[in-house]
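What follows is a single structure, written as structure tokens, with notes after it.
The values are calculated or read from the model by the stated rules, or taken from the named source; none is laboratory data. This one's a predicted model, so the numbers in the text were calculated from it and none came from an experiment. Neighbour counts run over all protein chains shown; Cβ positions are idealised from the backbone, glycine included. Note: areas computed on protein heavy atoms with side chains; ligands, DNA, RNA excluded. Shrake-Rupley method; radii C 1.70, N 1.55, O 1.52, S 1.80 Å.
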Amino acid sequence: MDTIRESCGRGVPIYKQCSSHMHTLQMRFLTVASQNNIPVPLISLRNSYRAVDATTGSIVLESGVMLPRLSSLCRIAVVASGRKLTEEDVNGLINYSRQCSELDLFRCSCPKNLPVSLLQDPLISGKLKVLWYPGGSKRQRYTLDPASGRWVE
């Protein structure tokens, strides 16, 4: 468990370039961490996000491997260079992140506003902060306002 605790303590990057075998090993590792209440401070999806599976609520990676919901995950960052995320993508990521304190979206386009009906309870209650960095720089940052469904500076 010490190895898992040490590895997860620094955050876990998941790269698109890694093989599905490597992604599968990472998912096993993260699942064991979550089952043993080992905090995972950050998972960073580096151009490896494909979609959120509506049936399971898991994130589907570009490799096809599923990232299950992790009860001990604190924060998730999605780097989606040049990709246009849809309302469905953003809503799925919000639902996936419901136990987290923060969801960060980097280097992507997002819908200018989201229907308020799509924004789930964790966001509305203020537990989950959703941040968007369109160019990847922390200087240009927007926060999703759950009351209006709009991104605000």
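The set of residues in segment 48-64 that are in contact (Cβ under 8 Å) with a residue 12 or more places away in the chain, open to solvent by less than 60 Å² (accessible area, probe 1.4 Å) and touching a strand residue (DSSP E or B) at 6+ places or on another chain (Cβ under 9 Å) comprises Ser48, Tyr49, Ala51, Val52, Asp53, Ser58, Ile59, Leu61, Ser63, Gly64.
Please go through segment 9-42 and pick out each residue that is farther than 17 Å from Ile59 by Cβ and not in a loop (DSSP other than H, G, I, E, B).
Within segment 9-42, Gly9, His21, Val32, Gln35 meet the criteria.
Taken over segment 76-112, the criterion of being part of a strand (DSSP E or B) and surrounded by fewer than 18 Cβ atoms within 10 Å (Cβ to Cβ) is satisfied by Ser81, Gly82, Arg83, Lys84, Glu102, Arg107, Ser109.
The residues of segment 58-83 that are on the phi > 0 side of the Ramachandran plot and modelled with pLDDT under 95 amount to a single one, Gly82.
A count restricted to segment 40-57 and to residues that are at pLDDT 95 or above and under 15 Å from Leu73 (Cα atoms) stands at 6. Considering segment 25-47, and only residues there that are surrounded by fewer than 16 Cβ atoms within 10 Å (Cβ to Cβ) and not hydrophobic (A, V, I, L, M, F, W, C), the residue that is nearest to Val90 (Cα to Cα) turns out to be Pro41. Among residues of segment 127-144 that are free of Cβ contacts under 8 Å to residues at least 24 places away in the same chain, none has a Cβ under 6 angstrom from a residue that is polar (S, T, N, Q) and outside any loop (DSSP other than H, G, I, E, B) at a sequence gap of 6+ or on a separate chain.
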